[in-house]
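Here is the structure we will look at.
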Amino acid sequence: MVRQDPGAGSSSPDAAIPPPGLGAPAEFRTPEEFRTQSDSRVPAEFGTAAEFRPPAASGAKGWRRRAAFWREALLLIVVTAVLTVLAKSFVVEAFRIPSASMEDTLRVGDRVLVNKFVYRVRGIERGDVVVFSGAGSWEPAAPPQSADSVAAVYRAAMQAMGLESMGTDYVKRVIGLPGDHVTCCDARGRISVNGVPLLEGSYVYPGEVPSTEFFNVTVPPGRLWVMGDHRGDSADSRYHGGDPWNGTIPESAVVGRVFLVIWPPSQVKSLPIPATFTRRTLVAASASAIPVGIGVAGLLPLAWAWRRVSGRLPTSRR
């Protein structure tokens, strides 16, 4: 039985007395009031605006992420292009073989790498396969190109990245260096350098003779005598004998040394100097010619100095 406090008024004997420490009894709400209050806490995606999350916050964050991605992608493209241009200009450049003049060593369509740095470390050697510009030697000097059009700018960019060439580049094998005496042919049909016959069976196109053209050339200073390995299909130094330099090319025109075939996979290989160019007899014959040339060149200033001095001496002392 529930006891009633005499001073509490006329309360219903069924009224609940809240337990100690829980405060006043819970406020009674109608179902409609409860539904209205609950809706105010529903997140925005369920229809009612939420006070705790701004609607545009996630969109702004996503836009910033996309902007950062494109910024990094653009930076990567620029850095890659700069490194490509630097490598192409000073270290390595890729070329495509356009003709059959170097078969079977290099075939039409082969992609090769050209070392542009090696000749800063060592000189050009006999047997090197080199890429050189024919402009001004085998070809007329290239006319200046206008840089006003969009096409000219595009072409210059492609050339800088090695994706397009000037169209005057050749690839041949060095046979004679400055001062070398190159002749064809001896009694056995071989080419000789400084009197030493070359054994060219390892690189000349199968079934071909070293040359069907006869020549007898001393390579001028600063020039090179070059030939293709496919001797029957190569318009090389032999066929430019009417040029002012007897078909030789300037050393300064050499772009670099072909050292590796990278495409197609069946052709991948390195290009070492053939053994015939490293034989002791050829090296010795070439070395013996160097001191003679140096001696003759050294006598010229001595003779000039002696004439100047003797011209000033009294007649009785001449």
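Condition check: loosely packed, with under 14 Cβ neighbours inside 10 Å and at pLDDT below 70. Does SER149 satisfy that? Yes, satisfied.
If the condition is being touching a residue at least 40 places away in the same chain (Cβ under 8 Å) and closer than 19 Å to SER234 by Cβ, then the range 188-198 contributes VAL193, LEU198. Restricting attention to the range 225-244 and to residues that are farther than 20 Å from ARG190 by Cβ and of a type outside the set (D, E, K, R), the residue that is surrounded by the fewest Cβ atoms within 10 Å (Cβ to Cβ) turns out to be GLY242. It is to be established whether one or more residues within the range 302-314 are in a loop (DSSP other than H, G, I, E, B) and modelled with pLDDT of 80 or more. The answer is no; no qualifying residue exists.
Across the range 262-284, the number of residues qualifying as without any contact (Cβ under 8 Å) to a residue 40 or more places away in the chain and buried (at least 18 other Cβ atoms within 10 Å of the Cβ) comes to 0. Residues that are among the β-branched types (Val, Ile, Thr) and modelled with pLDDT of 80 or more within the range 79-94 comprise VAL91, VAL92, listed in sequence order.
In the set PHE259, PHE215, only one residue is surrounded by 12 or more Cβ atoms within 10 Å (Cβ to Cβ), more than 34 Å from the chain's Cα centre (by Cα), modelled with pLDDT of 50 or more and farther than 15 Å from PRO178 by Cα; that residue is PHE215.
The values are calculated or read from the model by the stated rules, or taken from the named source; none is laboratory data. None of these values were measured; they are calculated from a predicted model. Every residue, glycine among them, receives a Cβ derived from its backbone with ideal geometry; neighbour counts consider all protein chains shown.
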